[in-house]
Every structure is written in C-alpha cells, then in structure tokens.
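Q: Below: one structure in structure tokens.
The values are calculated or read from the model by the stated rules, or taken from the named source; none is laboratory data. In this text the structure is predicted, and so the values were computed from the model without any measurement. No Cβ is skipped: glycine too gets one built from the backbone with ideal geometry, and neighbour counts run over all protein chains shown.
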Amino acid sequence: MDKILQTGLSAGMSATEGIHSSKPPNVPADHDGLKFLLPDSFVPSAETRLTFKGKGGNDVEVPTIFWGAWSWGDPSTWHWKDEEIHGVRAAWKKCLEGGMTFIDTAQAYGDGRSEEITGDLIRNHSGGVPREKIQVQTKWLANVTDGKLGNILHPIDAPLKALKKSLDRMKLDYIDCYLVHGHVHVSSISQVAKGLAKCVDEGLTKTVGVANYSVEDMLEMKDALAKYNIPLATNQCEYSILRRLPETEGMLDACRQHGIVFQSYSSLAQGRLTGKYTKDHPPPKTYRFSSYPMEYIEPLHNVMRQIAQRRGVSMSAVALNYNISKGVVPTVGIRKEEQAVEDMQALGWRLTREEVAELDKNGYEGKSTKLWQQG
C-alpha cells in the first residue's frame, strides 16, 4: 500500500518539484495572516485539550500536538529500518511523560506496518497509561486498502471493512478518530458518510473526519454526516510556514465557523523547518511535500534561528508554535527521542504578533493539486 501511495505522490498528488515550478509562490500581498492568531491569553501547555466532536456528545479531548506515524515501517519514503523501533519506543515514552498522547497513523503507511507498531506501543509500551487516556487516529484510503475493487463493489461498507482490518492489525477494540485519507474514492461523499456512520454506530471509532479535502468537499461531508447526527470532527491538510494555502483559500475560516478542528501534516515541511537541511545538504528527494530548493528557505531559517535562540528552544518548536498560535493542531513525525523532546519545546510559551509577522513575511503560500493537495 505504501508503494502505491508513494507512486501517487510522485505522479502529482503533492506539491513536488518536477510537477510544479520549483519556486514557492508568495502569499498574496493583501493577505493578513495575523487575523488567524488565537487570543494572546492562550498559551499552549501539556494540559491544554481541544475537542473532537462525536455523536451524542461522545467527544474526544485531544492535546495540542499529534505524533505522526507515517515513517513507521515505511522504507519507500522514509527509509525505515527495523532497528528504529527502539527510537520510536523511547520517543513515545517521552511523549507520554509530556502529556502528548495522540498518535496519527493510516492504513497505507508502511503497508499496514505503521498500524501494527502503533498498536504495540499502546498495548505494551505505554507505561501504565490507560487506553482511554491515549488517542489513536487512522485513515481509510479508498481503492488501496479495500482489496479487489472493494470501493466499487461495497461503496458504503468499504470504510467499515477496512477499519475492522486496522483494528485487527493494532489489536485494539476501537480508535478515537477515523479519517477519509483523501477525496480519491469512487463512491460519493454521501455513500462514504453512510459508511463512516456505520463505523461510529458499531463503536469502532468515536469520531470521524477527513484529510486532504477542499473546503467545498469538507462542508459537503459535514452535511452528509449530519443526516446521521454525526459531527465532522476534523480535517487534516498540509500546513506550515512554507504552505499557508489553508489560510488564503479559506480553510481555516471555514473550520472555525463550523467547529471543525484543523490539523496540519508536514508541519515541519518534512524536516525543512528543523534546521537539519540546507542548500548544501538538502532533504532526500522522497520527502516530497513542500519540496522547494533550500536556498529559497534560507531567509526564513535565519528568522527562525533568531527566535529559537531568544526563546531557548529548537527551530522545530518555533515552527510548531507558529501553527498552534494560528489555531492549527500540528501533526509531526517522530522516530527518535530527541525529536519528541525538541518538538514539545513548542509548549509553555507563545510567539508574539511581531514574531509571527516576521515569519509570515518570509513564508510562502504553497501549492495544491486536484487529486491530493488541498487547502
């Protein structure tokens, strides 16, 4: 499954070099990024919780940072090696100690291996933290996870059938949120909504959401789910200082208006916002999201580095605090203990309006594709 997903990404399902111009587009000059800032009184902490809305008030309280598990078990994009599991376990221990208890995985990640690792972490490496205090999110990718023409032959039951397989891989009784991985399904949104409703009503997931949906499709799914008295809890799209399209295209406005939690993936632009990569040491070509030549990112790096030094935190923490400050829940991948430590430095403080304005000035709008990348 991961090979199919990666093939799709390289064929144009992301903002990749070779598919688009390699120069990132600037944010429109008249765009006011500061209007999205949360009140100055809001300072994210380990105790801060947001709400994924569920049916009949069966809500899920979630922290302000989610841990992305795309790399776990995925050799094609992330060059995974089995011995890395020890680093993931050490990182998960740090996450739990810091109160960051949410894992984001998918059926397509690592050909199902990511889900297996996720389940093992929760069952065997959670240090006594009860299951109900941990949040798990996975994603249904139509036509990849459903086997032979499953999405066509079973347009309503396909998400349910796939979720049962996910739970079997994780050896869990339920998950906390089930996302549609992208609007790449043959079935209609109304059919998918009915399938998601079955997942909720059978107690296999507490909440449901989407990923990589446009504003229009997201609101259509919201209305379709409402027929079953199920809220649309969340939408997950790419968002970072390097890709602010969800701001300029109205996604953040729509999510706030309708009580939908907006998650970001590639919150660190696949490492480009960590300081790890430079124009002389670029990221691997398989790291396709926000794939722009590093020389365009150097001015932003200089600003981020200055803020990080003033704050005594990592550059990663600056990028994640930026998302949080704009009401976005960042999903960020971890494979090592030190990554978890650096990422959680995003908590306990807030960027000032002046600092956000400086980051905005040096960031980019980013791009979209019809198949995958939405804002």
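Q: So if I check each of Val328, Val318, which one is under 17 Å from Asp40 (Cα atoms), hydrophobic (A, V, I, L, M, F, W, C), in contact with a strand residue (DSSP E or B) (Cβ under 9 Å, 6 or more places away or on another chain) and surrounded by 21 or more Cβ atoms within 10 Å (Cβ to Cβ)?
A: Every option except Val328 fails the conditions.
Q: Report, by residue number, each residue of region 169-219 that is farther than 18 Å from Cys255 by Cα, in contact (Cβ under 8 Å) with a residue 60 or more places away in the chain and of a type in the set (Val, Ile, Thr).
A: Correct list: Val184, Val200.
Q: While we're looking at this one, here's another question. Could you grab me the full set of residues in region 125-157 that are at pLDDT below 95 and of a type in the set (A, V, I, L, M)?
A: Correct list: Leu141, Ala142, Val144, Leu149, Ile152, Leu153, Ile156.
Q: Any residue at all in region 59-73 that's assigned to a helix (DSSP H, G or I) and either of a type in the set (Phe, Trp, Tyr) or touching a residue at least 24 places away in the same chain (Cβ under 8 Å) (or both)?
A: Scanning region 59-73 turns up no residue that is assigned to a helix (DSSP H, G or I) and either of a type in the set (Phe, Trp, Tyr) or touching a residue at least 24 places away in the same chain (Cβ under 8 Å) (or both).
Q: Can you work out which of the residues in region 202-233 that are more than 21 Å from Val136 (Cα to Cα) and of a type in the set (Asp, Glu) is surrounded by the most Cβ atoms within 10 Å (Cβ to Cβ)?
A: Glu220
Q: For region 293-305, which residues satisfy the criterion of being surrounded by 14 or more Cβ atoms within 10 Å (Cβ to Cβ) and outside any helix (DSSP H, G or I)?
A: Ile297
Q: Quick one: in region 76-118, of everything that is part of a helix (DSSP H, G or I) and hydroxyl-bearing (Ser, Thr, Tyr), which residue is nearest to the chain's Cα centre (by Cα)?
A: Among those residues, the one meeting the criterion is Tyr109.
Q: Ok, one more. Give the residues of region 306-336 that are assigned to a loop (DSSP other than H, G, I, E, B) and over 17 Å from Gly33 (Cα atoms), sorted by residue number.
A: Gly312, Val313, Ser314, Ile334, Arg335, Lys336
Q: Across region 226-249, which residue is modelled with the lowest pLDDT among those that are out of contact with any Pro (no Cβ under 7 Å at 6 or more places or on another chain) and more than 20 Å from Thr331 (Cα to Cα)?
A: Glu249
Q: Would you pick out the residues in region 178-227 that are among the polar types (S, T, N, Q) and either touching a strand residue (DSSP E or B) at 6+ places or on another chain (Cβ under 7 Å) or part of a loop (DSSP other than H, G, I, E, B) (or both)?
A: Hits for region 178-227 are Ser187, Ser188, Thr205, Thr207, Asn212, Ser214.
Q: Also: Is it the case that Ser290 is within 17 Å of the chain's Cα centre (by Cα), of a type in the set (Gly, Ala, Ser) and buried (at least 19 other Cβ atoms within 10 Å of the Cβ)?
A: Spelling it out, Ser290 is indeed within 17 Å of the chain's Cα centre (by Cα), of a type in the set (Gly, Ala, Ser) and buried (at least 19 other Cβ atoms within 10 Å of the Cβ).
Q: It is to be established whether one or more residues within region 259-280 are of a type in the set (S, T, N, Q), assigned to a loop (DSSP other than H, G, I, E, B) and within 30 Å of Asp59 (Cβ to Cβ).
A: The answer is yes; a qualifying residue exists.
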